[in-house]
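A short write-up of the structure that comes next.
Every number in this text was worked out from the coordinates using simple rules, so none of it is lab data. What you see is a predicted model, and the numbers here were worked out from it, not measured in a lab. Cβ atoms come from the backbone with ideal geometry, glycine included; neighbour counts cover every protein chain shown.
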Amino acid sequence: MADALKIHCVHAALAHAFARMIPLPVFDSCDNCGACCRHMIVPPFVMSGGRNEALEKSVPSELIDEFWPVWQVRLEVPESPCLWYDATTARCRHYEFRPDACRAFEINSGPCRESRAKWQIDAT
């Protein structure tokens, strides 16, 4: 486990350095990208073992029921994509209900560019 964490940290540091060195095109849309969704495992509002009031108020119950039974299993697999990520469209399947963490992930920001570099996404 410790070795996996070290490898993950080194990989993240290299991705950060790589993103700063290689110029990436400026995007005007998230279409056909999904870089930020490819490592979230589950929608990021799921932070604890139990359902919470904020989650229940912001997401329809049928969507919670969709991911709830499998989210803990997915936590065991590092670098898994978010359950709501659709690899075919490279978009969020429930974009209108995305959590604040996703809304705050701004297009062309440093973290966006780092994720794009990591996943080798250089054009829309």
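Run the numbers for residue 100 and residue 86: contour at 0.36 nm per residue of separation, minus the present Cα-Cα distance, in nm.
This chain segment gains 3.1 nm when fully extended.
At 7 Å along Cα-to-Cβ for each site, give me the label-to-label distance between residue 108 and residue 65 in nm.
4.2 nm
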